[in-house]
Amino acid sequence: MEERALIIFAKNPRLGKVKTRLAEGLGEILALEVYIELLRITDHIIRSLPVTKYIYWDGGIPENQNYFSEDCIHRKQVNGDLGLKMGEAFSEVLKEHSLVCIIGTDCPYLSSEILVNAYENLAGKADYVIGPALDGGYYLLGLKKVFTGLFQDMVWSTDKVYETTVKRGENLNLSSYILRELGDIDSLNDYKNWKGI
């Protein structure tokens, strides 16, 4: 059994269903193109990692699965809010692996080095590893045991998600390792900063 696994939460890339905040400034067609670019960047970042990779799709598994390398395992996200979806994915994958990280597909600044660092610290003393995002959320969460109290019943898409998660970890007496802060691509401003426009 491969010790390390990576869960990637992705959305089926369909017009009007992805990057809706970005679409307000760029339009739905360009927002979809940006999202597909982010899928391909995510694949490039994770491709060389010696871990089992699970793509959990929201909106169904796309017929065209060439966004990620062939060694990826494709699964469908359960219905519910993000916390419930994460809990189910972690529960499934932790049955087969002992160190599991979850990421999204909207952080082009992520690197394989950051992911390796996350796994190394998760293999050590940290109960969980977290990567804070500039917008107050997080781009990575790593666990070796399911602690649903970290992410269930969370008010998502606010600038307090990371802070609330860390406080919950403290209340559960969990040790943590904090990765470096990175930006993600949600808004037109995020996109302009990324592209240097």
**Sparsely packed chymotrypsin sites (Phe, Trp or Tyr not before Pro) within segment 122-190, loop by DSSP, other Cβ within 10 Å at most 14** = 156
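In deg cm²/dmol and to the nearest 500, what is the mean residue ellipticity at 222 nm of the chain if only DSSP H runs of at least 4 residues count, each as -39500 (n - 2.57), divided by the residue total?
On the way: 6 runs with 70 residues, N = 197.
Per the formula, -11000 deg cm²/dmol.
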**Item:** Paramagnetic label zone (point 7 Å from Cα along Cα-to-C-beta, residue 164; backbone N under 18 Å) in segment 66-99
**Value:** 80-88
**Gain upon complete extension [residue 194, residue 153; 0.36 nm per residue less C-alpha separation]** = 11.6 nm
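Could you calculate, for the chain, the ratio of the Cα radius of gyration to the Kirkwood radius, expressed as Rg to Rh?
Numbers: Rg = 15.9 Å, Rh = 17.0 Å.
Looking at the chain, the ratio lands at 0.94.
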**Request:** Evaluate the relative contact order of the chain (contact order divided by residue number), counting alpha-carbon pairs under 8 angstrom at least 6 apart; express in whole percent.
**Result:** 23
**Request:** Please give every one of the lysines within straight-line cross-link reach of residue 167, meaning a C-alpha to C-alpha distance under 25 Å, and leave out same-chain neighbours fewer than 8 residues apart.
**Result:** 85, 125, 144, 145
**Request:** Taking the Cα centre of the chain as origin, sum charge times position over the Cβ atoms of Lys and Arg (+1) and Asp and Glu (-1), and report the length of that vector in debye to the nearest 20.
**Result:** 140
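Divide the volume of the convex hull of the Cα atoms of segment 1-83 by its number of residues and quote the answer in cubic angstrom per residue.
Numbers: hull volume 9.0 nm³, N = 83.
It comes to 108 Å³ per residue, whole-number rounded.
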**Label-to-label distance, nm, for residues given as residue 145 and residue 2 (7 Å Cα→Cβ offset)** = 2.5
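FYI, it's all coordinate maths here, none of it is from the lab. Just so it is clear, the model here is predicted, and its values are computed rather than measured. Neighbour counts run over all protein chains shown; Cβ positions are idealised from the backbone, glycine included.
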